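What follows draws every value from the coordinates through simple rules; no lab data is involved. Quick caveat: nothing in here was measured; it's all calculated off a predicted structure. Cβ: placed from backbone, ideal geometry, glycine included. Neighbour counts: every protein chain shown.
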Amino acid sequence: MQIGTHVKNDAHSTPPVSGSLPTDRAACAPASAPAGRGELPVLPDSIRVEAVASCQLKCPSCPTATGAIRRAIPAGYLRFESFKRLVDSNPTVRHVELSNYGEMFLNPDLVRILEYADKCDVVLTANNGVNLNTADEDVLQALVTYRFHSMTCSIDGASQETYEIYRRKGRFERVIENVRAINRFKKQHNSQHPILTWQFIVFGHNEHEVPRVKQLCRELDMLFKPKISWDDDFSPIRDPEFVLRETGLPDTRQGFREQHGVDYSRNVCLQLWNQPQINWDGRILGCGRNFWGDFGGNAFTDGLSAALNNKKMCDAREMLIGRREPRDDVPCTTCENYLSMRQNGDWISQREIRIHRLFHRAAMWKAPSVFFRAVRSILHRKRLLKVLRRLC
């Protein structure tokens, strides 16, 4: 069992996180967990569910485009009936992230899902990212009508010429038209939602467009979110000093670890506690990065609590905090994040889990949108990351 090298999900794709809402005592806790911690089954109020496991673009480093995800994620989409049953049978779930390896807007049931979530007061996000190339106007209007909270748009260029180098088969102007349409509907409905973020993977071929992207973000009322590429070999950055000055990011993920002493995608591991990933068919994937194996169990047929607290999931959480040896049949065992933790001995801490949970809860549930926007803007600055690292 091997992990693919280049995947699109990481810590900085992680939206609001939840807490554990117990219904029963369970033996899911680490054997040596501190008193009062880890004694209850994980039943978060925030989950991730893949809306659709296909994409119309052919981004060269994406496992969806290469077909690598088919080892564990077959083609398909989240049916409205499955979503409705999941929401109805789990009233503690208050937030669902719908984007992962596929393009959310390819789901033919999307408007019904948005409408039902709004009716049940369940917050929806697509903060991992959408390419926004294919979306009918009625769907874009539904995002506003049904109070879709926030959405990250993956746009790696400020012109068609640059954009299509990585977002192959994508149309830059169509994406911008769709953003403008959403903003028009927001104005009509006097709404701040969905909050829009422009995610920009920095490459050598597009680094010169960072200032232009920032300007477009101001014009389009979007947050700017630069991101380090997974693939050091694809269009490597040419001017690291310029990129650092414009984005606050080093040119590679290894450079990020050297600067901050932590892996760039570390927070994705916290999803096993705070925001577990569920496939469109209900199978448990654990986190948004995993595409090479599932954890057994099915949230749709076994029940959410039972599926999230099966033996593999419990053992995986113990592995990530350094309290058990790896299991060959647990997907984490071959993941680069886990291998880095084993090599460096920097295991996930209980305090890290709590801070991650509380920070995102404050941004999502308690604070007004203005605060959320400010938090999202600041989140990727190295100063705050260092502070959070010290707290953890």
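Quick notes on this structure:
- Measuring against 31 Å, Cα to Cα, the residue pairs Lys169/Lys214; Lys187/Lys214; Lys84/Lys311; Lys186/Lys225; Lys58/Lys187 contain Lys58/Lys187 as the ones spanning a longer distance.
- Our coupling estimate for the stretch 171-184, obtained by passing each phi through the Karplus curve with A = 6.51, B = -1.76, C = 1.60 and θ = phi - 60°, is 10, 4, 5, 5, 4, 5, 4, 5, 4, 5, 5, 4, 5, 5 Hz, Gly and Pro reported as x.
- Modelled this way, with points 7 Å down the Cα-to-C-beta line, the labels at Glu81 and Lys169 are 2.9 nm from one another.
- Cα gyration tensor shape of the stretch 91-142, rounded if a/c is under 1.5, else prolate or oblate by comparing a/b with b/c: oblate
- Note on Asp138 and Ser89: the model spin-label points, each 7 Å out from Cα along the C-beta direction, lie 3.0 nm apart.
- Taking amide H atoms as placed 1.01 Å from N in the peptide plane, the amide H of Leu78 lies under 5 Å from those of Val52, each 5 or more residues away in sequence or on another chain.
- Distance in nm between pseudo-label sites at Arg112 and Gln343 (7 Å out along the Cβ direction from Cα): 4.7
- For Phe224, residues with placed amide H under 5 Å, excluding near neighbours: Trp198
- Packing order of peptides 67-75, 101-109, highest average first: 101-109, 67-75 (average count of other Cβ atoms within 10 Å over each peptide's residues).
- Here is the P(r) of the stretch 31-144: all C-alpha pair distances, binned every 10 Å from 0, give 12, 40, 28, 14, 5, 0 in whole percents.
- Label point at His189 placed 7 Å out along Cα→Cβ; residues across the stretch 86-114 whose backbone nitrogen lies under 20 Å: 94-99, 104-114
- Per-residue ³J(HN,Hα) for the stretch 203-220, Karplus 6.51 cos²θ - 1.76 cosθ + 1.60, θ = phi - 60°, Hz, x for Gly and Pro: 10, x, 7, 10, 4, 5, 8, 4, x, 5, 5, 4, 5, 5, 4, 5, 5, 9
- Interchain or long-range residues, amide H under 5 Å from Val130's placed H: Thr152, Cys153, Ser154
- Each residue of the stretch 287-297 is assigned a 3J(HN,Hα), and the resulting list reads 9, x, 8, 5, 9, 10, x, 9, 9, x, x Hz, derived from the Karplus form 6.51 cos²θ - 1.76 cosθ + 1.60 (θ = phi - 60°), x at Gly and Pro.
- Extension gain, Glu258 to Asp232: 0.36 nm times the residue separation minus the Cα-Cα distance gives 7.8 nm.
- Using 0.36 nm per residue and subtracting the Cα-Cα separation, the extra length available between Asp121 and Arg351 on full extension is 79.8 nm.
- Comparing Cα centroids, the stretch 58-132 and the stretch 196-252 end up 27 angstrom apart.
- When peptides 175-182, 219-226, 342-349 are sorted by average Cβ neighbour count within 10 Å, with the highest value leading, the order is 175-182, 219-226, 342-349.
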